[in-house]
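The values are calculated or read from the model by the stated rules, or taken from the named source; none is laboratory data. On a predicted model such as this, the values are computed, not experimentally measured, just so you know. Reconstructed Cβ throughout: ideal geometry from the backbone, glycine too, with neighbour counts over all protein chains shown. Areas reflect the complete protein model, heavy atoms only, side chains present, ligands, DNA and RNA absent. Shrake-Rupley method; radii C 1.70, N 1.55, O 1.52, S 1.80 Å.
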Amino acid sequence: IPFLIGMKNGLPYGLFFDNSYKSHFDLGKENSNYYFYSAVQGNLDYYVIGGKDLKEVVSNYTYLTGRVPLPQKWTLGYQQSRWSYSVSQKEVQQIADKLRENDLPCDVIHLDIDYMDGYRVFTWRKDNYQDPKKFVQKMRKEGFRIMPIIDPGVKLDKNYPIYQEGIKKGYFVKNPDGSVYVNKVWPGDAVYPDFGRKEVRDWWAKNVKYLVDIGTCGVWNDMNEPASFNGALPDDIAFSDGKQRSTHAKMHNVYGHNMDKATYEGLKKYSGKRPYVITRAAYAGTQKYSTVWTGDNQSLWGHLQMLIPQMCNLGMSGFAFAGTDIGGFGADTTSELLIRWLEAAIFSPLLRNHASVGTRAQEPWSFGQPTLEIYRKYLKLRYHLISYLYDNFYQETKTGLPIMRPLVLNFPKDRKVRTLNDEFMVGDDLLVAPVVTEGQTERAVYLPKGDWLDFWTGSEYAGNTSILVKAGLDKLPLFIEKNTILPWDESSNHIDPKKNDVITFRLFGDHGNYIHYQDDGEDFAYQNGQFNLYKITISQKNTVELTNFGYNCPYKKVVLLSENGRQEFIFDQKNKTYKLV
Ligand code: GLC
């Protein structure tokens with residue numbers, strides 16, 4: 001994402017270099033008096049992005065390149081993955097059963113490449129799955145959605161309809177001499193769709209229908225750099241740029257973007273729901289179509305330490321919906337690393353545990369009871385805060401501001417937070433300071449200006465100072481700005497958008513106000529005004545004002561938890577207001 005944010009004389013700016021060729025940034029290494037940017041070809045097409053503060057710069061950048069559209073609400077649930085349960089329906093079922101047996105909330109199970117027939121995209125193996133559609137439906141009844149992986153490489157197989165059709169219509173990228181270009185990926189010899197062309201994207205979107213008809217919940221796009229096992233694709237391979245014949249050199253960095261766009265359009269057209277796409281490769285603007293995960297990390301403390309800066313940088317670059325492979329993808333994780341990873345990731349919008357074939361098991365139960373219990377505790381915390389994350393996405397669609405934020409975004413005047421990369425904010429209200437070092441059981445936490453409450457104990461701290469916090473393995477240091485209201489969802493083992501009768505809010509402190517957003521959590525009806533907005537104001541005298549700028553079907557009951565105990569408000573249909581009972 002060729003975008004950078006800088007500060008000069010205390011004033012922020014953004015620079016976006018819209019050039020998809022291989023480029024080079026030198027941010028003061030050669031000479032601290034200037035930055036250097038170059039690209040091997042293409043135009044010097046760049047934007048200087050202004051704003052009175054950092055938030056405005058991010059807002060303006062995302063105004064230009066696009067914002068993450070409102071996701072389906074359940075996409076914020078926990079997701080379990082491994083390369084490769086997907087070999088058989090039996091294994092996937094076993095994972096689902098264990099999640100429920102162990103009282104672990106979970107919404108999605110991912111199917112890695114082995115569910116396919118010989119790694120042929122848009123096929124399903126027949127040997128270990130009796131009837132994929134029935135199976136997906138059964139999982140759905142148990143509260144799980146199924147997310148299959150798709151790679152761009154199409155197997156070179158003369159008897160495979162997708163290959164046959166692509167060849168007949170000339171949809172694959174070509175050698176300079178006009179023959180179809182072949183490299184190797186999972187299925188062996190494979191060819192690459194030319195996603196820069198609209199007709200190729202439309203064709204891909206039609207193939208996505210195959211998965212929608214089976215009932216899968218989205219598409220996980222992988223290897224879309226595009227990856228190749230037989231050496232990198234040469235620069236001069238013929239790709240279209242959408243207008244004319246172009247080259248791999250120009251289209252490489254937008255290959256994933258165009259594949260994601262095709263996938264998004266297919267899912268939208270054939271499911272009518274808000275598309276759920278996860279991608280490995282992306283360019284500036286891909287956030288309009290897809291979430292991202294940070295690819296193949298390793299089960300290393302150093303890679304866990306990268307999580308915070310990676311997620312914050314992605315967020316500041318438009319990718320508000322992102323995540324890492326929890327526990328680490330490659331190599332063997334440990335109980336301690338897995339727990340600390342989950343704690344650090346618990347506010348990542350994309351919350352997925354994923355591991356490579358050949359590594360030690362890292363499902364929540366794989367390290368015995370104490371690990372399982374801590375894992376469950378954090379998944380439950382996450383599920384209490386789904387509506388809060390969803391509200392943050394509602395705000396993000398308006399402002400472009402990310403969910404996970406570096407402190408500097410919220411406190412730009414505080415010089416101490418400019419280089420702080422081991423703490424982060426969630427929206428405006430939560431401050432999270434995970435332990436990301438092996439063996440550590442306490443840490444220093446910097447609290448910026450304001451009054452802060454320890455989420456676990458309620459202890460109060462005045463900000464503008466560092467404090468030392470005990471953080472045994474089961475403790476994620478978490479602070480809430482005093483006088484904050486948060487929605488607090490009931491415990492559940494998965495997110496059911498139809499359960500929409502009651503909502504609970506928690507007041508931390510003695511007054512506050514909050515805007516809450518509610519809709520059906522899955523389709524586009526909200527774009528025609530089918531949503532409710534609630535404004536809750538609680539004054540120091542404990543008068544509660546609850547207004548609903550609603551369209552239809554507001555909550556029947558609103559519960560408020562505060563130091564004064566529990567208060568319930570019932571919706572009065574006639575007067576369209578809430579009344580304390
Ligand atoms: C790639 C992906 C990884 C996946 C594997 C097999 O390495 O990044 O997530 O499990 O391919 O499909």
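As a test of the formula, what do you get for the chain when each DSSP H run with n ≥ 4 contributes -39,500 (n - 2.57) and the sum is divided by the residue count, at 222 nm and rounded to the nearest 500 deg cm²/dmol? Walk me through the numbers on the way to the answer.
On the way: 12 runs with 143 residues, N = 581.
Dividing the helical sum by the residues of the chain leaves -7500 deg cm²/dmol.
Only protein heavy atoms count here; under a 1.4 Å probe, D332 has an accessible surface of about 90 Å². For segment 553-569, the Karplus equation 6.51 cos²θ - 1.76 cosθ + 1.60, evaluated at θ = phi - 60°, returns couplings of 6, x, 4, 6, 9, 10, 10, 10, 10, 8, 4, 7, x, 10, 10, 10, 10 Hz by residue, with Gly and Pro reported as x.
Sort E373, E91, E438 by accessible area with a 1.4 Å probe, largest first. Walk me through the numbers before you get to the answer.
Details: E373 95, E91 75, E438 115 Å².
Per-residue accessible area, sorted high to low, gives E438, E373, E91.
Place +1 on the Cβ of every Lys and Arg and -1 on the Cβ of every Asp and Glu in the chain, take the dipole about the Cα centre, and give the residue among T65, P161, V108 whose Cα lies farthest towards its positive end. So the residue furthest toward the plus end is P161. Nearest 10 degrees is fine. How inclined is helix 198-214 to the longest principal axis of the chain, computing both from alpha carbons? Computed tilt is about 60 degrees.
Using a probe of 1.4 angstrom, how much of the accessible area of the chain is carbon and sulfur, in percent?
Details: 11870 of 24150 Å².
The C+S portion of the solvent-accessible surface of the chain is 49 percent.
For W365, W74, the ranking by accessible surface with the largest value first comes to W365, W74, using a 1.4 Å probe. In the context of the full set of protein chains, the chain has a per residue accessible area of 42 Å² (1.4 Å probe). Between Y63 and N159, the simple spin-label model (points 7 angstrom out along Cα→Cβ) gives 5.9 nm. Along segment 314-319 the Karplus relation, 6.51 cos²θ - 1.76 cosθ + 1.60 evaluated at θ = phi - 60°, assigns HN-Hα couplings of 4, x, 6, 9, x, 8 Hz to successive residues, with x for each Gly and Pro.
Going from the alpha-carbon gyration tensor of segment 497-580, what semi-axes, largest first and in whole Å, does one get by taking the root of 5 times each eigenvalue?
Numbers: eigenvalues 113, 35, 28 Å².
Listed largest to smallest, the semi-axes of segment 497-580 are 24, 13, 12 Å.
The length gained by stretching the chain between R506 and S491 to full extension, at 0.36 nm per residue less their Cα-Cα distance, is 4.0 nm. Ligands, DNA and RNA excluded, the heavy atoms of S299 present near 10 Å² of accessible surface to a 1.4 Å solvent probe. With the charge dipole of the chain set up from +1 on Lys and Arg Cβ and -1 on Asp and Glu Cβ about the Cα centre, the Cα lying farthest toward the positive end among the listed residues G77, Q130, T333 is that of Q130.
Can you tell me the convex hull volume per residue for segment 194-259, based on C-alpha atoms, in Å³ to the nearest whole number? Provide the component values of the computation, followed by the final result.
Numbers: hull volume 5.8 nm³, N = 66.
It comes to 88 Å³ per residue, whole-number rounded.
Between the listed residues A525, I570, P497, the Cα displaced farthest toward the positive end of the dipole of segment 497-580, a dipole computed from Cβ unit charges relative to the Cα centre, is found at I570.
With respect to the chain, whose longest principal axis is taken over its alpha-carbon atoms, helix 386-399 is tilted by about 70°.
When +1 charges are put on Lys and Arg Cβ atoms and -1 charges on Asp and Glu Cβ atoms, the dipole computed for segment 85-142 relative to its Cα centre reaches about 300 debye.
Near G295, within a Cβ-to-Cβ distance under 11 Å, what is the net charge of the other residues, with Lys and Arg +1 and Asp and Glu -1? All intermediate terms of the calculation are to be shown ahead of the outcome.
Details: positive: R280; negative: D222, E225, D296, D325.
Local net charge: -3.
Label sites at R376 and Q130, each approximated as a point 7 angstrom past Cα along Cα to Cβ, lie 3.1 nm apart.
Once divided by 2.2 N^0.38 Å, the Cα radius of gyration of the chain becomes 0.98. In the complete set of protein chains, residue-level accessible area for T537 is approximately 40 Å², probe 1.4 angstrom. Annotation: amide H of G188 has no partner in the under-5 Å range at sequence separation 5 or more or interchain, hydrogens built in the peptide plane. Highest mean first, the peptides 390-400, 191-201 sorted by other C-beta atoms within 10 Å per residue fall in the order 191-201, 390-400.
State the volume of the convex hull built on the alpha-carbon positions of segment 89-165, expressed per residue in Å³ and rounded to an integer. Please report the intermediate quantities before stating the final value.
Details: hull volume 7.1 nm³, N = 77.
Dividing the Cα hull volume of segment 89-165 by its residue count gives 92 Å³.
When only the heavy atoms of the protein chains count and the probe is 1.4 Å, how do L11, L211 rank by accessible area, highest first? Don't jump to the answer; show the numbers that get you there.
Working: L11 110, L211 0 Å².
Solvent-accessible surface, decreasing: L11, L211.
Restricting the count to DSSP beta bridges whose residues both fall in the chain, what percent are antiparallel, rounded to a multiple of 5? Percent antiparallel among DSSP bridges in the chain is about 75.
The charge dipole of the chain, taken about its Cα centre with unit charges on the Cβ atoms of Lys, Arg (+1), Asp and Glu (-1) only, comes to about 1220 debye.
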